[in-house]
Amino acid sequence: MNQNISDTAEREAQIPVQEPQRQYYFMERAKEHLEEMCRAAGRRLTFCVTTFGCQMNARDSEKLVGILERVGYMEEPDEEKADFVIYNTCTVRENANQRVYGRLGQLGRNKKKNPNMMIALCGCMMQEPEVVEKLKKSYPFVDIIFGTHNIYKFAELLVSHMESERTVIDIWKDTDKIVEDLPSERKYPFKSGVNIMFGCNNFCSYCIVPYVRGRERSRDPRAIIKEIERLVSEGVVEVMLLGQNVNSYGKTLDKPMTFAQLLREIEKIDGLERIRFMTSHPKDLSDELIDVMASSGKICRHLHLPVQSGSTRILEKMNRRYTKEGYLALAERIKKAMPDISLTTDIIVGFPGETEEDFQDTLDVVRKVRYDSAFTFIYSKRTGTPAAAMPDQVPGDVVKDRFDRLLKEVQDISTQMCALHQGTVQTVLVESVNAHDPALVTGRLGNNLLVHFPGDASMIGGFFRVKLKECKGFYYIGEIAQ
Ligand code: 5AD
Ligand code: SF4
């Protein structure tokens with residue numbers, strides 16, 4: 001046998017089949033290639049991961065960074081200067097896609113000037129076949145393309161590109177696999193996102209997420225607890241439990257458990273001070289969860305409860321499976337159990353067939369619930385979703401007018417809600433030195449409200465009792481309480 005072939009065969013036989021061992025093997029192999037590339041370039045090569053979209057993507061990016069650092073790349077915050085640029089994309093609304101195409105053009109020009117440069121694209125947008133076709137045709141300089149289901153395989157794909165120098169494309173339609181124990185590099189030392197589930201089974205008629213993130217899968221509770229215990233031992237005091245619909249956690253486990261039961265277990269972890277979670281679907285929010293929250297000393301008094309629309313007629317077309325009255329009754333129950341809770345929401349304006357009367361229902365819900373803040377979105381038509389084929393798409397100027405009216409209402413109410421805390425003393429977890437004034441630090445209350453107050457970098461990650469002195473609409477200026 002030819003010596004090269006037998007060497008290659010021997011090398012391939014060494015590749016572990018089991019995960020995550022297989023990926024650690026490829027990280028080592030990528031490291032060898034990278035060392036060679038750095039020697040040739042005469043310097044250390046750098047990377048920049050740019051994240052679009054939600055907290056799930058932010059958490060995925062931490063995993064990519066963890067792998068890249070282990071391989072030996074150095075982080076470069078300025079995308080323009082980095083040798084390896086990775087875009088972790090979002091596709092929930094069309095404008096997110098346009099931003100990626102716009103920026104890719106610039107990356108292509110940079111690549112012509114830098115022979116060491118590589119570009120990888122991953123995340124939700126890559127799960128759409130039309131996107132990958134367009135990339136192949138119009139952006140052939142992209143080196144690696146992968147999706148949401150095989151992000152754990154990043155090291156393996158990287159090696160495949162390094163060894164073939166060809167574009168590597170690997171997109172899976174769906175998966176039931178969850179790979180544990182890969183490296184990840186946290187953005188903050190004191191707080192962390194923790195995935196508790198992946199995917200979504202709800203199929204809201206406007207939403208592309210179930211198509212790009214696949215079917216709902218819950219992580220084993222023991223793996224979640226183990227991860228949080230490890231994070232706490234590393235100094236984390238606050239976790240954000242992440243899932244598209246955390247209220248249906250556990251339904252698909254071999255031994256089913258509820259989200260409320262999971263919270264009870266997490267609450268027991270010594271040293272963990274704050275627990276947050278995102279996102280809750282109103283149809284699955286149980287009284288058991290309200291009880292657990294109300295009696296907890298660690299679960300933050302904040303609930304993000306997307307309403308999407310206040311009109312029962314539109315909610316039905318959205319396939320949300322609750323009514324205006326049902327949502328309002330739920331909000332009431334939550335407020336009764338926790339009068340100090342902060343409620344936030346997502347609202348879509350201009351869903352197909354939305355009339356002025358439907359929109360008035362949305363305004364009515366906003367006025368009744370009085371959200372502490374709300375994310376407002378203009379409906380975006382996503383190819384392949386049922387809503388994209390619905391008649392009566394609302395004209396742009398009508399949507400814009402409604403959007404502006406909704407925004408004003410939401411902002412007026414959230415300013416009033418913010419002002420309610422004036423003069424109180426509350427606990428703040430300090431997150432950073434203030435970006436505009438280095439004499440101030442910035443932190444968050446349990447209810448997620450931002451507070452700036454005099455301090456320095458040594459306070460980051462610490463809890464402080466702060467008097468809220470001056471309300472600035474959606475944040476406070478405070479001072480340490482005497
Ligand atoms: N158009 C506008 N907004 C959307 N969202 C999801 N899909 C769309 C769409 N097609 C919003 C919803 C969701 C948030 C994450 O994004 O409000 O809660
Ligand atoms: Fe999209 Fe609805 Fe699933 Fe949220 S619950 S990710 S809006 S389909």
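Spread over its residues, the convex hull of the C-alpha atoms of segment 270-396 is 121 Å³ per residue. Of the residues Leu429, Tyr371, Val232, the one whose Cα sits farthest toward the positive end of the charge dipole of the chain, with +1 on the Cβ of Lys and Arg and -1 on the Cβ of Asp and Glu, is Tyr371. For a label point 7 Å from the Cα of Arg43 along Cα→C-beta, name the residues of segment 76-100 whose backbone N is under 11 Å from it. Backbone N within reach: 81-83.
Amide hydrogen proximity for Arg382: with H placed 1.01 Å from N in the peptide plane, the residues at 5 or more positions away or on another chain lying under 5 Å are Ala388.
Determine the distance separating the Cα centre of segment 404-481 from the Cα centre of segment 285-304; give it in Å without decimals. If you average the Cα positions of each part, the centres end up 23 Å apart. For the chain, the Cβ-based charge dipole about the Cα centre amounts to some 420 debye (Lys, Arg positive; Asp, Glu negative; other atoms uncharged). Between segment 313-371 and segment 376-398, the alpha-carbon centres lie 19 Å apart. Note on the chain: Cα-only Rg and Dmax are 24.0, 82 Å. Counting only protein heavy atoms and using a 1.4 Å probe, the accessible area of Arg465 comes to about 130 Å².
Counting every C-alpha pair in segment 353-482, the share spaced more than 22 angstrom apart comes to 52%. For segment 361-366, 3J(HN,Hα) computed residue by residue from phi via the Karplus equation (6.51, -1.76, 1.60; θ = phi - 60°) reads 5, 5, 4, 4, 4, 4 Hz, glycine and proline entered as x. When the C-alpha to C-alpha distance is required to be over 29 Å, the pairs from Lys112/Lys137; Lys63/Lys335; Lys113/Lys173; Lys191/Lys268; Lys298/Lys408; Lys251/Lys408 that qualify are Lys63/Lys335; Lys113/Lys173; Lys298/Lys408; Lys251/Lys408. Phi angles across segment 109-115 convert, under the Karplus curve 6.51 cos²θ - 1.76 cosθ + 1.60 with θ = phi - 60°, into 3J(HN,Hα) values of 5, 4, 5, 5, 8, 10, x Hz, Gly and Pro given as x. For the peptides 418-424, 67-73, the ranking by packing is 67-73, 418-424, with the highest mean count of neighbouring Cβ atoms within 10 Å listed first. Between Thr415 and Trp172, the simple label model (points 7 Å from Cα in the Cβ direction) yields a spacing of 5.0 nm. Taken about its Cα centre, segment 267-372 carries a charge dipole of about 180 debye when Lys and Arg each add +1 at the Cβ and Asp and Glu each add -1 at the Cβ. For the chain, what's the relative contact order in percent, using C-alpha pairs closer than 8 Å and at least 6 residues apart? It rounds to 9 percent for the chain.
Note on Lys336: lysines with a C-alpha under 18 Å away, same-chain residues under 8 apart excluded, are Lys368. FRET efficiency for the pair Ala329 and Glu356, taken as 1/(1 + (r/R0)^6) with r the Cβ-Cβ distance and R0 = 22 Å, rounds to 0.30. Accessible area per residue for segment 162-231, computed on protein heavy atoms with a 1.4 Å probe, is 49 Å². The listed residues Ser380, Ser295 rank as Ser295, Ser380 when sorted by accessible area, largest first, using a 1.4 Å probe.
Using 16 Å as the cut-off for backbone N distance, which residues of segment 204-233 belong to the label zone defined by a point 7 Å from the Cα of Met257 along Cα→Cβ? Within reach of a label on Met257, which here means backbone N under 16 Å from a point 7 Å along Cα→Cβ, segment 204-233 contributes 218-230. Rounded to the nearest 10 square angstrom, Lys298 shows an accessible area of 40 square angstrom against a 1.4 Å probe.
For the listed peptides 339-347, 119-127, a ranking on the average number of other beta carbons within 10 Å per residue, highest first, reads 119-127, 339-347.
May I ask for the distance between the Cα centers of segment 172-231 and segment 42-96, given as a whole number of Å? So the separation of the two Cα centres works out to 18 Å. At full extension, Glu180 and Glu470 could sit 99.9 nm farther apart than now, given 0.36 nm per residue minus the alpha carbon distance.
Along segment 384-389, what does the Karplus equation 6.51 cos²θ - 1.76 cosθ + 1.60 (θ = phi - 60°) give for ³J(HN,Hα), rounded to whole Hz, x for Gly and Pro? Karplus values, whole Hz, x for Gly and Pro: x, 8, x, 5, 4, 9. How high is the FRET efficiency from Ala13 to Thr50, r the C-beta distance, R0 35 Å, rounded to 0.05? Result of the calculation: an efficiency of 0.40.
Placing unit charges on the Cβ atoms only, positive for Lys and Arg and negative for Asp and Glu, gives segment 141-273 a dipole magnitude near 460 debye about its Cα centre.
The values are calculated or read from the model by the stated rules, or taken from the named source; none is laboratory data. These figures come from a predicted structure and were not determined experimentally. With ideal geometry, Cβ positions are generated from the backbone for all residues, glycine too; neighbour counts draw on all protein chains shown. In case anyone asks, the SASA skips ligands and DNA or RNA and just uses the protein heavy atoms, side chains included. Shrake-Rupley method; radii C 1.70, N 1.55, O 1.52, S 1.80 Å.
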